[in-house]
Amino acid sequence: MAKKRENAELARLTKESKKRLLADLKHGGWLKTPRVIKAFEAVPRELFVRAENAKEAYWDVPLPIGFGQTISQPLTVAFMTELLKPQAGQKILEIGTGSGYQAAILSKVVGPKGKVITLEIVPQLVEFAIANLQKAGIKNVEVHHSDGSQGWPDDAPYDRIIATAAAPEIPRPLKEQLKVGGVLVVPVGTYLQKMMRVTRRGPDQFEIEDHGEFRFVPLRGRHGF
Ligand code: SAH
């Protein structure tokens, strides 16, 4: 009985804190596009954090997911998703699956005709993300255990590529696996990172914009640290 009451209280808190977080992200101008806002409403972030952090699922903070990694802060997920300009029906590659939350948000934006392929280097996190995505009923995300700094040539080229770990420089394979007209978002730098948006304007033409400073865990692997 006490457990039942506890669960009901948690559900009420979760609903309230989610409403408040989304309102704050909209008022702050971090969430802008209707499709992205709908995705944030649709994905239950509480299913992508560890059970002991359930109460904090809608706090605007990164949370530990084990193995020295974190689920990114909601504000950062909102900012990167908006910067990426994802559209319905697109094929998107993500580097750094972690909890699977960012992939889940993108899966809602691309919808059933689109697809998200996400790469994770820590095998236990691959399992964690697959379980979380399944609990959330998300089907159009493919998780692979792989060094994402080399991209995923099998399904290239991509409409969009997003890296959620910091690279020492823009990884060449990711630029090469982008469609012409495609967009890559990647934090670049050693201590603090600059959020870079790369738009492929032609086979050898890349437009690069700097969108401010953030902090990320480092990208490992061949084109990482
Ligand atoms: N997008 C995640 C947050 C990821 S944190 C989420 O929504 O929860 C960054 C992740 O990148 C970590 O899980 C880390 O293990 C992973 N990572 C680091 N280097 C990597 C590499 N070379 N290839 C794939 N994943 C990598």
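The values are calculated or read from the model by the stated rules, or taken from the named source; none is laboratory data. These figures come from a predicted structure and were not determined experimentally. Backbone-built Cβ (ideal geometry, glycine too); neighbour counts: all protein chains shown. Quick note on the areas: whole protein, heavy atoms, side chains included, nothing else; ligands and nucleic acids left out. Shrake-Rupley method; radii C 1.70, N 1.55, O 1.52, S 1.80 Å.
Once you charge only the Cβ atoms, +1 for Lys and Arg and -1 for Asp and Glu, what is the size of the charge dipole of region 87-225 about its Cα centre, to the nearest 20 debye? Don't jump to the answer; show the numbers that get you there.
Details: 17 positive and 15 negative charges, 65 e Å.
It works out to roughly 320 debye.
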> Picking from P74, A163, S17, whose Cα lies most toward the positive end of the charge dipole for the chain (charges on Cβ: Lys, Arg +1; Asp, Glu -1)?
Replying inline: S17
> What is the Cα coordinate range of the chain on the first, second and third principal axes, sorted by size from largest, in whole angstrom?
Replying inline: 64, 36, 35
> Under a GNM of the chain (C-alpha, springs under 10 Å), which listed residue has the highest mean-square fluctuation: G89, G202, G66?
Replying inline: G202
> How much of I170 can a 1.4 Å solvent probe reach, expressed as accessible area in Å² and rounded to 10?
Replying inline: 30 Å²
>> Mean-square fluctuation check for the chain, GNM, Cα pairs under 10 Å: which of K194, K91, K15 is largest?
In response: K15
> Projected onto the charge dipole of region 16-150 (+1 at Lys/Arg Cβ, -1 at Asp/Glu Cβ, origin at the Cα centre), which of Q150, Q87, L133 gives the Cα projection farthest towards the positive end?
Replying inline: Q87
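Hey, any idea what % of region 35-170's accessible area is carbon plus sulfur with a 1.4 Å probe? Write out the running numbers ahead of the final one.
Working: 2760 of 5220 Å².
C and S fraction of accessible area: 53 percent.
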> What accessible area per residue comes out for the chain, rounded to a whole number of Å², with a 1.4 Å probe?
Replying inline: 49 Å²
> So for region 98-215: antiparallel DSSP bridges make up what percent, rounded to the nearest 5?
Replying inline: 60 percent
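So how strong a dipole does region 16-155 carry about its Cα centre when Lys and Arg Cβ are +1 and Asp and Glu Cβ are -1, to the nearest 20 debye? Intermediate results must be reported in sequence, preceding the final value.
Working: 17 positive and 15 negative charges, 141 e Å.
Dipole about the Cα centre, nearest 20: 680 debye.
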>> Explain nothing, just the number: relative contact order of the chain, from Cα pairs under 8 Å at least 6 residues apart, as a whole percent.
In response: 15 percent
